[in-house]
Structures are given as structure tokens and as C-alpha cells.
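So the structure is just underneath, and the comments pick up after that.
What follows draws every value from the coordinates through simple rules; no lab data is involved. Quantities reported herein were computed from a predicted structural model and do not represent experimental measurements. Please note: Cβ atoms are built from the backbone with ideal geometry, for glycine as well, and neighbour counts cover all protein chains shown.
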Amino acid sequence: MSNRGSVENNIERDLIALFGEEAVKLGLEKLPYLHDSTEMQGLSGRADAVVLPEALDQICQLVAWCYSRGVPIIPRGGGTGFAGGAVPIDGGVVCSLERLNRILDFSPEFWRMQVEAGVTTGRVQRVARENGLYYPPDPGAAELSQIGGNLACNAGGPHSFKYGTTASWVTGIQMVIRAGDVVTFGGPVRKDVAGYDLRSLFIGSEGTLGIITGAWLRLIPAPEASHTVIAGYRDFRSGVAGLGRVLAYGLTPATLEYFDEGCVGATRRAFPGGLSDDVNFLVLSETDGSAGEADRISDQLMDALKQDAVFLSRTHDPRATAALTRWRSGVSFAVSAQRGGKMSEDIVVPFDKLAAAIQMLGDLEAQFHLPSCSWGHAGDGNLHATFMVDAASPEEITRAELATEALFARALEMHGSVSGEHGLGWVKRSQFHRQFGPAEASLLTGIKLLFDPDNIFNPGKKVILPHE
Ligand SMILES: Cc1cc2nc3c(=O)[nH]c(=O)nc-3n(C[C@H](O)[C@H](O)[C@H](O)COP(=O)(O)OP(=O)(O)OC[C@H]3O[C@@H](n4cnc5c(N)ncnc54)[C@H](O)[C@@H]3O)c2cc1C
């Protein structure tokens with residue numbers, strides 16, 4: 001049976017007239033476009049229309065149409081975001097970029113690729129790899145997330161420890177801004193200081209300044225080899241001390257991840273080969289480079305991590321590595337399964353505060369009587385700080401919200417940030433004034449209003465305007 005319903009309002013009617021039937025979703029077809037990865041927290045919106053433009057000029061027309069009528073426009077990539085940024089909270093037009101999915105230029109000999117915004121992250125990674133190149137940004141939902149969404153969130157991932165976040169790999173950006181104008185900053189050049197650095201301003205703007213329609217990406221020759229090193233410890237203090245030695249020795253593994261006691265407890269049985277009961281903290285790290293380099297850094301890593309380790313091992317066997325990757329990918333789901341739900345926040349702290357942040361989560365667990373755990377990109381000080389909740393208990397969810405507020409406050413006391421990767425979007429908009437003082441907030445809202453005086457692009461997300 002078709003999910004296609006009938007036209008429900010004048011906005012849908014006008015947009016069909018402009019772009020054709022195939023570009024406008026109707027009825028139940030709209031449902032997948034009303035939420036993102038925050039759906040498990042119950043967040044869902046409503047849209048007056050869902051439009052899938054297939055060319056740049058259609059996006060220009062759509063933006064001009066929305067701007068002239070004061071209709072909000074919500075840019076949408078793969079819908080994998082964790083901040084509710086792509087959710088149409090209170091109507092408006094969802095602009096999904098999935099049909100803008102062409103690789104416009106690929107020059108392997110010059111290590112670069114020009115893509116439209118709707119190309120998935122996984123496709124960029126694959127095309128690069130098939131040609132001996134490497135695109136390092138690796139947010140976890142790569143088969144669904146899009147380059148436009150990655151730029152909009154400045155997505156990170158495990159490899160950002162060595163290689164930086166998405167911004168480090170973008171040499172140019174094309175956007176459609178108010179009135180439907182196309183603007184380009186940067187391009188296939190590796191350097192460009194001619195103007196203000198608006199490329200960096202647009203990266204991480206979460207759909208609030210315009211619609212990203214394309215990007216020039218920088219690639220590098222693929223590393224020849226990679227090794228994985230894993231260490232298990234009795235407690236987090238020994239593990240974090242090991243992580244500290246990795247930095248102090250000046251080592252540059254590609255990834256440096258940790259998993260705390262609650263997290264290890266939730267996944268112990270799924271760990272490849274099993275884990276003994278005395279292991280309560282894990283460090284997982286990948287080294288890469290030439291065969292000699294990957295090997296040498298692994299040796300040094302083992303040396304840095306060995307003190308107080310209950311076990312320490314390394315592998316470059318593809319099957320063993322794949323098994324570890326599968327386990328790593330399942331961590332978030334296993335944690336959710338503990339009590340049926342979780343409230344997880346991507347706080348970031350300076351590396352020297354990592355142990356204090358892990359301890360702080362334990363303190364909040366005791367204070368709010370909620371089981372907690374954390375794991376994450378240790379090298380970046382980026383924690384997935386999580387309270388495990390009974391999703392069917394409103395009282396518990398309220399308690400978890402209070403605990404999360406305390407978590408944010410303490411992350412800031414440590415000179416950290418309320419978000420290292422996912423952005424403020426909708427779900428963390430209440431943290432805007434906690435994160436920024438009046439002077440910073442005023443600059444940020446001023447920039448929003450300069451680009452979007454009528455507050456049409458993704459209203460209510462990321463920045464809080466004076467009247468909101
Ligand atoms: C299993 C899993 C693992 C994840 N792991 C990571 C991780 O390791 N690191 C990390 O950083 N994130 C991670 N994420 C979060 C998410 O994948 C990233 O934030 C990703 O960059 C979102 O891309 P998307 O295309 O799905 O964007 P969406 O969710 O569709 O949108 C996200 C935001 O970007 C805006 N946007 C999207 N496309 C455009 C565009 N073309 N122009 C303007 N604005 C746009 C939206 O309005 C919204 O505000 C993970 C998510 C999942 C589900």
C-alpha cells in the first residue's frame with residue numbers, strides 16, 4: 001500500500017507547482033523526516049512540507065520562496081544527529097539534501113574531491129579508499145550521515161584525535177543563504193586568506209545560517225598499515241594514567257578511546273574472547289602509517305600503557321580488528337539495553353581533567369541514584385557521559401535531566417564545553433546561556449541575525465535570540 005497521502009496545505013501545493021510531484025513528500029512519506037537520532041528521547045516534530053530538491057537552482061528557489069513568505073526552513077542531511085537539529089519542531093519546510101548526491105569532481109592525483117552536500121560520508125570514505133586515498137573523519141553513522149550534515153555539525157569521531165574534525169578536511173564550502181543567493185568560500189585551493197574565514201563560520205553552524213550545498217574535501221594517501229592496541233585495567237585511575245603517559249611520551253596514535261566500568265560491565269560478554277572480572281576500564285587505540293611506523297608506534301603505545309594493566313594486547317589481523325570494531329559499534333546499544341533507555345551527553349574537558357570528569361559522573365550517580373557510565377574519545381577529552389534510565393519512568397527521566405544539568409555545570413567548571421561533537425541543536429539550546437557569557441552570546445546572536453534577520457533558517461536551534 002502506498003504511503004503517499006494527499007496534499008494537506010497551500011505550502012505543499014505551491015512547492016509541488018514549483019518542483020514537481022516527485023520532489024515533495026506527502027502523508028506518511030513525511031514521517032521519517034520528522035525526527036533524528038533523538039527519537040529515542042521521544043523528540044519528534046511536524047512539518048508543513050518536506051521537499052527533496054535535486055539541483056542547486058531548486059534550493060535557491062526554495063530558500064527565496066521561504067524567505068519571501070516567512071516560512072521556516074529546516075535543512076536535513078541523513079537525520080543521524082544527536083541534538084534534534086534536523087527535527088522540524090514547529091512546522092516549516094524540511095529541505096532534505098539526499099537527492100543532491102553527486103560527486104562533482106574527483107582528482108585522486110591531487111588528493112581532492114568536490115561533492116554535493118547529500119553525498120554520504122561512507123561513500124566519500126569508500127571512493128577515497130578504492131583509489132589509495134583516505135578521508136579521515138569518521139562519525140559513527142557514516143552510511144547514513146551526509147557530508148552536508150557533517151559540515152553543519154563539524155562532526156568528529158575516533159580518528160579526530162590524530163586527524164582533526166571535519167573542518168580540517170574542508171578546503172571550500174558552497175552555501176545558499178537568504179534570498180536564495182549562492183556563496184562560495186574557499187574551493188579546490190589548499191590555502192586562502194583573501195577574506196574573513198567564513199568557511200570556518202559555516203562549518204558547525206547547524207543549519208542556522210543557510211543551506212550547505214557542496215564542499216571541496218581534502219584527502220591524503222591512505223596509511224599503509226594499521227594496528228590495534230588494547231589494554232584493560234582494574235580501575236579508571238590506572239587507565240587514565242596510562243592515557244596520560246601516551247600523551248606525555250608524544251605518541252600520535254590515530255585513535256585513543258576509553259570505556260569505563262559501567263560500559264565494560266554492559267559489554268563484557270560481547271567482548272571478543274571475553275573479559276575477566278577484574279577488568280573495569282579499557283583503552284582501545286589504533287596506530288597507522290607506513291608498516292614500520294604503525295609497528296613502532298604500537299610498540300611505544302604498549303610501553304606507555306603497560307603499567308598496572310591487567311592485560312595488554314595488540315593485533316593487525318583484519319578479523320580480530322573487525323571483531324573489536326563490531327564490539328565498539330555495539331557499546332551504545334548495549335548501554336541503552338541495560339535499563340531500556342539512556343540520557344547521554346557529549347561533554348568535553350581538557351585532557352588533564354579526564355579522570356576528574358569520570359569521577360564526577362560517579363558522584364552524580366550517587367547523588368541522583370541513577371546508574372551511569374561513560375566512554376569516548378579519550379585523547380580529545382570527549383566523554384559520552386551517560387545515565388541509564390528506565391525509559392518508561394517519567395520520574396526517572398526528570399531525575400536524569402537534573403543530573404544532566406549538574407553534569408553540564410561541572411564540565412564548564414573544568415573549563416570544558418557542553419558539547420564536543422553533537423552541537424546544541426534543539427535539545428541543548430537551554431545550555432546556550434550556561435556556555436556563553438553575555439558578550440559571547442551577543443556576538444553569536446548578532447552573527448545569526450546578520451545572516452538570517454528573519455530567523456528562517458532552523459529557528460530555535462543552536463543560538464537563543466533575545467526574544468526567545
Ligand atoms: C550511531 C551513531 C554514531 C555517531 N557517532 C558520531 C561521532 O563519532 N562523532 C560525531 O561528531 N557525531 C556522531 N554521530 C552524530 C551524527 O552522525 C553526526 O552529527 C553527523 O554529522 C550528522 O550528519 P547528518 O547528515 O545525519 O545530519 P542531520 O542529523 O540530518 O542534521 C544535523 C544538523 O545539521 C544540519 N544540516 C544537515 N544537513 C545540512 C545542510 N546540507 N546544510 C545546512 N545544515 C545542514 C541540520 O539542520 C541539523 O542541525 C553519531 C550518530 C549515530 C547515530
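Contact order, relative form, for the chain: 14 percent (alpha carbon pairs under 8 Å, 6 or more residues apart, mean separation divided by residue count).
Just to confirm a number: summing +1 for Lys and Arg and -1 for Asp and Glu over residues other than A225 whose beta-carbon lies under 13 angstrom from that of A225, what do you get?
Numbers: positive: R296, R314; negative: E224, E286, D288, E293, D295, D317.
Here the count lands on -4.
Between R326 and E468, the contour length at 0.36 nm per residue exceeds the alpha carbon distance by 46.8 nm. In a fully extended conformation the segment linking E413 and S68 would gain 119.8 nm over its present Cα-Cα distance, using 0.36 nm per residue. Along the axis of the charge dipole computed for region 3-96 (Cβ charges of +1 for Lys and Arg, -1 for Asp and Glu, origin at the Cα centre), the listed residues A23, L43, Q61 are led at the positive end by L43.
Sequentially through region 172-186, phi angles give Karplus couplings (6.51, -1.76, 1.60; θ = phi - 60°) of x, 9, 10, 10, 9, 10, 3, 6, x, 7, 9, 10, 10, 10, x Hz, Gly and Pro residues having no value and appearing as x.
When the Kirkwood hydrodynamic radius is evaluated over all pairs of different C-alpha atoms of region 225-413, what value in angstrom, to one decimal, is obtained?
Values: mean 1/r = 0.0592 Å⁻¹.
One decimal place: 16.9 Å for the Kirkwood radius.
Among the listed pairs K162/K448; K191/K353; K30/K428; K342/K462; K30/K462, which have their C-alpha atoms separated by more than 29 angstrom in this model?
Values: K162/K448 32 Å; K191/K353 35 Å; K30/K428 25 Å; K342/K462 23 Å; K30/K462 24 Å.
Cα-Cα > 29 Å for K162/K448; K191/K353; rest within.
The string of couplings for region 20-29 from the Karplus curve (6.51, -1.76, 1.60, θ = phi - 60°) is x, 4, 5, 8, 10, 7, 10, x, 5, 4 Hz, one whole number per residue in order, with x for Gly and Pro.
Relative to the Cα centre, the charge distribution of region 174-236, modelled as +1 at Lys and Arg Cβ and -1 at Asp and Glu Cβ, gives a dipole magnitude of about 100 debye.
For region 8-74, what's the relative contact order in percent, using C-alpha pairs closer than 8 Å and at least 6 residues apart? Before the final figure, lay out the partial values.
Values: 43 pairs, mean separation 21.1, N = 67.
Relative CO of region 8-74 lands at 31 percent.
Charge dipole of region 225-413 (Cα centre as origin; +1 on each Lys and Arg Cβ, -1 on each Asp and Glu Cβ, all else neutral): 440 debye, rounded to the nearest 20.
Computed from point charges on the beta carbon alone (+1 for Lys and Arg, -1 for Asp and Glu), the dipole magnitude for region 346-456 about its Cα centre is near 200 Debye. Its Cα gyration tensor gives region 3-96 an equivalent ellipsoid. The semi-axes, each the square root of 5 times an eigenvalue, are 21, 15, 12 Å from largest down. Distance between the pseudo-spin-label points of L247 and D277 (7 Å out from Cα toward the beta carbon): 3.5 nm.
For the chain, the mean residue ellipticity at 222 nm estimated from helices alone is -10500 deg cm²/dmol, where every DSSP H run of n ≥ 4 contributes -39500 (n - 2.57) and the total is divided by all residues, rounded to the nearest 500. Beta bridges per DSSP, both residues in region 52-116: antiparallel share near 50 percent. A straight chain from S44 to L449 at 0.36 nm per residue would run longer than the Cα-Cα distance by 143.2 nm.
Counted by Cβ distance under 12 Å from K306, the other residues give a net charge of -1, where Lys and Arg count +1 and Asp and Glu count -1. Normalised by the number of residues in region 225-413, the average gap of Cα pairs under 8 Å and 6 or more apart makes the relative contact order 27 percent.
The per residue volume of the convex hull around the alpha-carbon atoms of region 103-221 is 98 Å³. One way to sum up the overall shape of the chain is the equivalent ellipsoid from its Cα gyration tensor, whose semi-axes run 38, 27, 21 Å, largest first.
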